[in-house]
Each structure stands twice: as structure tokens, then as C-alpha cells.
Amino acid sequence: MRIVALMMAASVWMCFPLDGAQPNDYAKSENWLCRPGRTDACSGTLTATVMAGDGSHTQVSYHASPDAPIDCFYVYPTVSREPTANSDMTPGPEEERAAKLQFASFGRVCQLYAPLYRQTTLAGLHRDFHGDDGRSSSALAYDDVLAAWRSYLARDNHGRGVVLIGHSQGARLLTRLIAEEIDGKAGQARLVSAILLGTDVEVPQGRVVGDVFKSIPLCEKRKQTGCVVAYSSYLATQPPGADAVFGGSLHAGSVDACVNPADLTDGGILDAEVPAVGRAAEIFGTTFMENPGLLHAKCMEAAGHSYLAISVGDGAESQIVSAALMHTQAALPGWGLHILDVNLALGNLVELVGDQAKAFAASAR
């Protein structure tokens with residue numbers, strides 16, 4: 001509901017891009033939200049309450065691996081609550097929370113890099129949607145991500161494999177970056193994979209490569225590298241309709257990509273790491289809640305949309321989880337489970353990247 005309120009408030013804000021904005025220097029540590037070897041939004045221990053099918057629970061902790069053999073480069077989604085069209089470069093609690101809940105878990109299998117960037121805010125999205133005059137706020141956001149990527153390659157990569165991870169606005173910017181800077185170029189050899197969730201990654205109907213990316217396919221096998229995972233999630237019982245924001249194709253003969261990470265790891269069973277909020281946060285005090293074996297996923301098509309259909313199985317928590325997911329989808333009509341795209345399969349994605357890292361290292365040898 002907070003997002004809805006912000007979007008309504010955006011209609012009365014005065015929105016403008018940062019005229020004359022200077023390029024960011026990503027050689028400076030302060031222009032990064034997360035970097036290896038320091039205390040920041042991605043460091044520290046993550047905890048989870050794991051609910052068993054009989055209603056009992058245990059707590060587990062997740063720790064970053066200092067010896068992870070590859071890197072992960074993350075661009076966070078639209079979170080800024082600033083009234084200008086573009087955010088500034090001062091990280092707020094929204095940016096830090098996004099990095100902690102969506103990205104920090106990948107520290108188990110890769111070194112973490114996440115640039116700050118002057119993203120398009122909710123106010124800026126409103127301005128762009130209404131076609132106001134002036135330089136698009138997304139141009140400045142992309143310039144920052146591109147500068148951070150080039151700085152990372154020049155100063156930090158040292159020939160290591162890298163996974164690019166983004167959600168929503170972050171995924172959209174990374175999709176463009178991959179198409180323009182990596183696809184079909186020498187740098188493609190270091191691409192371990194790309195995880196692009198909650199955005200449009202189109203492929204020709206019945207194919208796994210083409211359209212947006214000319215030579216980077218969708219992931220089809222567990223240890224496949226150099227490939228893309230992309231999807232937008234909706235409840236299986238409430239598939240996308242005419243008002244759906246995500247999963248639709250913009251071009252005849254193409255479909256929006258849906259790669260089910262559960263099929264690449266656990267046979268359709270989701271290893272969800274959902275943020276603990278409300279009463280759950282008060283009672284358990286952990287970062288995440290997990291319900292092993294309860295959530296399932298399958299790629300489906302409906303009303304011209306391709307999407308990851310989420311269903312809830314049987315268990316002590318099934319009614320609670322079902323109600324929570326229904327409330328999430330109802331809060332933003334047409335958005336599906338967009339705000340949970342990453343966390344619904346976070347455990348699967350981390351496991352998949354770990355497998356890909358091993359396969360990438362083996363191929364390099």
C-alpha cells in the first residue's frame with residue numbers, strides 16, 4: 001500500500017531531471033552501495049526462520065564466502081522516495097533494504113558489487129509516463145549504471161566471471177547494458193549469467209535466443225553458463241489479465257521470457273526467502289521467513305502474457321502464506337507478485353549461481 005500512496009503522491013510533485021548532472025566517479029568507494037571487504041548494506045550475517053510442515057520452526061544463519069570465485073553486479077529496483085525525477089547519490093534506508101533483502105544472500109557464492117545510481121524515482125516514472133518534455137530521467141540512470149560497470153571492469157574484475165543481477169528498473173537498465181556492452185562482444189566470455197527479473201526480455205516464440213539478445217540464450221540447464229534467467233511472477237490462481245503490467249510481449253511473434261529457477265535446481269519447488277515483516281518480524285526477529293516445499297512454480301501463458309505461476313501446497317502455514325500472497329497481489333492491481341519476484345526464488349537463484357560458478361571455473365580450466 002505504501003507504493004500505491006507514493007505513486008498517487010507523485011501526481012502532484014514537480015518532477016524534473018538533474019540538469020547539468022556531472023558523471024559519477026566510481027573509483028570512489030562512496031559511490032558504491034556494496035563492495036567486498038567493507039561494512040555496508042550487503043555485509044553481515046543474514047538469518048532466517050525455517051517453518052516445517054508440522055508448524056515447528058528452526059533458525060538458520062547465512063554467511064558470505066570470502067573466497068567466492070566469481071563476482072555479482074547488482075542494480076536495485078525503483079525504491080527512491082525523493083520528489084525529484086532522479087534520486088541523489090546518498091543511500092537511504094530504501095536502497096540499503098533492497099540490497100540486503102534481494103542481493104546480500106548471493107554473498108554465499110560471489111563477491112558483491114552494487115553501485116549507487118541516480119535512479120528514476122516514483123515521481124520520475126510519473127513524469128516519463130505522461131511524456132513531459134525534457135531529458136528522460138532514465139537516461140541519467142543508465143549513464144550511471146554504465147559508468148559503474150565500466151569502472152568495475154577496469155578496476156575490480158581482473159578477468160573474473162560475473163553475474164549481473166537486477167530487478168524491475170535495475171533489470172531494465174541491465175538488459176540495455178548487456179545488449180549494448182556485452183552481447184556478441186569479447187566481454188561476453190566473462191558472463192556467468194544474468195538474472196533479470198520483473199522486466200521485459202523478449203525472445204522469438206519457441207526459441208531461447210534472439211530479439212533482445214542476439215547471442216545470449218535463456219538458461220535451460222542447471223550448470224549452463226552465459227545465459228539469462230528472466231520472469232515476472234503472478235499467483236497461479238490469479239493469472240495476468242488485460243490490466244497486467246508485466247509479462248506481455250511488445251512485438252508480434254515474440255514472447256516475454258520465463259525461466260523457472262526452480263526447474264534448474266529443485267524440480268519446480270521454490271526455495272523462497274521472503275522478508276520477515278509485521279508480526280513475523282516481531283515474533284522471530286530474523287531477516288527472512290522460509291517454508292520449504294510449500295511454494296511451487298511453473299511457467300505459464302495467459303491473455304498474451306508469459307509469467308511464472310506461483311502456487312501454494314499443503315502445510316501448516318499454507319493458509320497464512322496464501323493470504324499473504326493474495327494481499328500482495330491485490331495491493332497493486334496488474335502488478336502480480338512483482339515486489340516479491342526475487343525473494344520467491346531467492347534460495348534457488350543463489351544455488352543456481354553457485355552451480356554456474358563451479359561450471360564456469362571448470363570451463364576456464
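Numbers for the structure displayed
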quantity	calculated
Modelled FRET efficiency - R0 51 Å, residue 332 with residue 30, Cβ distances, 0.05 increments	0.95
Order of 62, 142, 117 - criterion: other Cβ atoms within 10 Å of each residue's Cβ, fewest first	62, 142, 117
Footprinting exposure proxy for 167, 57, 338 (fewest neighbouring C-beta atoms within 10 Å first)	57, 338, 167
Helix-only CD estimate at 222 nm, as mean residue ellipticity for the chain, using -39500 (n - 2.57) per DSSP H run (n ≥ 4)	-7500 deg cm²/dmol
Choice from 108, 155, 279 showing the highest fluctuation, given a GNM over the chain with Cα pairs closer than 10 Å	279
Anisotropy class of the stretch 221-318 from Cα gyration tensor, a/c 1.5 cut	prolate
Three-way shape label, the chain, alpha-carbon gyration tensor, a/c 1.5	rounded
Relative contact order of the stretch 2-364, defined on C-alpha pairs under 8 angstrom at six or more residues apart (%)	18 percent
Efficiency of FRET from Cβ geometry, residue 60 and residue 322, R₀ 25 Å, rounded to 0.05	0.55
The stretch 254-307, relative contact order [Cα under 8 Å, separation at least 6], %	43 percent
Lysine pairs meeting the criterion (Cα under 18 Å, 8 or more apart or interchain), as found in the chain	4
Net length gained if the chain between residue 358 and residue 220 were fully extended (0.36 nm per residue, minus Cα distance)	48.0 nm
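Quick note: the coordinates plus some simple rules give every number you see, no bench work behind them. Here the structure is a predicted model, which is why all the values come from computation and not from measurement. No Cβ is skipped: glycine too gets one built from the backbone with ideal geometry, and neighbour counts run over all protein chains shown.
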